[in-house]
Amino acid sequence: MNNTLACGQIMKARQAVTPKAQIKGLMRFSYLSENGFAKSKDDLHEMRQMLYDEARLERRFRLFERLAFHTMALQDDTDFSCAVLIGECFPDKWRVRLENIVHDFKPMQIVALPPMVHIQAVKAAYHALPDDPSATHIATFRQDDDDAMHRETTARIRAVGDAMLQVRQDDKPFIIAFNRGLYFDPSAQEPLSEWYERAPLGIGLAMVTPKGDHATVFRRNHRNLVEYYDCYTEIAKPMWIRSVHEDNDSTATPQGRAGTLRQRGIKRNLWDGFGMTPEMLEGL
């Protein structure tokens, strides 16, 4: 068999394989890393004291339970895995509380690591999740422990990811982002407001890579990803709730234009997309 014929058969065999993306998520929960925080100019001892302050952890757990975990467990497509990244030094009583919350939700598992450079810890956490041998690609997504994502998020990552894999002309990583959502600021006259972001937020943000490529959605700052990768964004409906509070590590300020949804429409989207009422957000 000549080389030209052999190469042609190999190409046909590759084309016959239907691309399939496995979905893996990561949620950092007060992970003590060597860098990666806006406040990480402090040394590890000071960072540990700040992260594990009792009052702060109580606030974080309220946000986690009512926003992040509530909407993660509400996903229409549960064929995904998600690591909750914590430090090995995470206080025992709080770890028990976290374990009790996630225990019955099979897609989620706790990954505890020592202090590491942030990007290495992220890679290790994704690697700790089970591998699907039938997958040709990995869609890594991120979620924060104090924000909420629409119940259709993982389903849209799968649908868009698989569709894009069918039409793309190369096998380079690409981004799936949701640029329309709700800001929740309890100190504002109207705590919930709609916004269209001009650059992606990290909530539900995904990167699709060929299997074996170790790049993840954390490779670059989420606001800058569109400068380096092809990016598919959706604004069909509000797909996230960004919480604004005293413990935000980065500035929780919208970067885009305000939406036109009135409070009645916001309440409808809040229930349909996130399984919540305004009353459920009280006390946050």
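The values are calculated or read from the model by the stated rules, or taken from the named source; none is laboratory data. In this text, all values refer to a predicted model and were calculated from it rather than measured experimentally. Glycine gets a Cβ as well: all are built from the backbone with ideal geometry, and neighbour counts include every protein chain shown. We work out accessible area using only protein heavy atoms, side chains counted, and drop any ligands, DNA or RNA first. Shrake-Rupley method; radii C 1.70, N 1.55, O 1.52, S 1.80 Å.
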(message) Placing +1 on the Cβ of each Lys and Arg and -1 on the Cβ of each Asp and Glu in the chain, which of GLY204, VAL102, PRO115 has its Cα farthest towards the positive end of the resulting dipole?
(response) GLY204
(request) Could you work out how far apart the two model spin labels at GLN49 and THR78 are, taking each label as a point 7 Å from the Cα in the direction of the beta carbon, and quote it in nm? (result) 4.3 nm
(request) Please state, as a whole number in µm²/s, the translational diffusion coefficient that the Stokes-Einstein equation yields for the range 177-284 at 37 °C and 0.692 mPa s, with Rh defined as the Kirkwood radius across alpha carbon pairs. (result) 218 µm²/s
(request) Note down the net charge around ARG59, summing +1 for each Lys or Arg and -1 for each Asp or Glu among other residues with Cβ under 12 Å from its Cβ. (result) -4
(request) Could you give the spread of the C-alpha atoms of the range 126-165 along their three principal axes, from largest to smallest, in whole angstroms? (result) 32, 27, 12
(message) Nearest 5 percent is fine: what portion of the DSSP beta bridges confined to the chain is antiparallel?
(response) 40 percent
(request) Note down the net charge around MET72, summing +1 for each Lys or Arg and -1 for each Asp or Glu among other residues with Cβ under 14 Å from its Cβ. (result) -4
(message) Output needed for the range 16-129: three equivalent-ellipsoid semi-axes, defined as square roots of 5 times the C-alpha gyration tensor eigenvalues, in descending order, whole Å.
(response) 26, 19, 11
(message) Checking the a/c ratio against 1.5 first, then a/b against b/c, what shape does the Cα gyration tensor give for the range 61-199?
(response) oblate
(message) Need one value: the accessible area of TRP271 in square angstrom, 1.4 angstrom probe, rounded to the nearest 10.
(response) 140 Å²
(request) Hey, could you grab the Kirkwood Rh for the chain? Inverse mean 1/r over distinct alpha carbon pairs, Å, one decimal. (result) 19.9 Å
(request) About the Cα centre of the chain, how large is the charge dipole given +1 on each Lys and Arg Cβ and -1 on each Asp and Glu Cβ? Please answer in debye to the nearest 20. (result) 800 debye
(message) Suppose a student asked you for the relative contact order of the range 97-223, using Cα pairs under 8 Å spaced at least 6 residues apart; what percent would you report?
(response) 30 percent
(message) Report the Cα centroid-to-centroid distance between the range 221-240 and the range 260-284 in angstrom, as an integer.
(response) 23 Å
(message) Let me check I've understood the local charge: for GLU227, count other residues with C-beta under 13 angstrom from its C-beta, Lys and Arg +1, Asp and Glu -1. What total comes out?
(response) +3
(request) Please express the shape of the range 128-207 as an equivalent ellipsoid: the semi-axes are the square roots of 5 times the eigenvalues of the C-alpha gyration tensor, given largest first in whole angstrom. (result) 29, 15, 10
(request) Rounded to the nearest 500, what is the 222 nm mean residue ellipticity of the chain from helices alone, with -39500 (n - 2.57) per DSSP H run of 4+ residues and division by all residues? (result) -8500 deg cm²/dmol
(message) Using Cα-Cα distances under 8 Å and only pairs 6 or more residues apart, what relative contact order does the chain have, in percent?
(response) 23 percent
(request) Set Lys and Arg Cβ to +1 and Asp and Glu Cβ to -1, take the dipole of the range 33-135 about its Cα centre, and tell me which of TYR52, ILE86, HIS127 lies farthest positive. (result) TYR52
(request) From zero up to wherever the largest Cα-Cα distance of the range 189-244 sits, split into 10 Å bins and tell me the percent of pairs in each. (result) 18, 48, 25, 8, 1
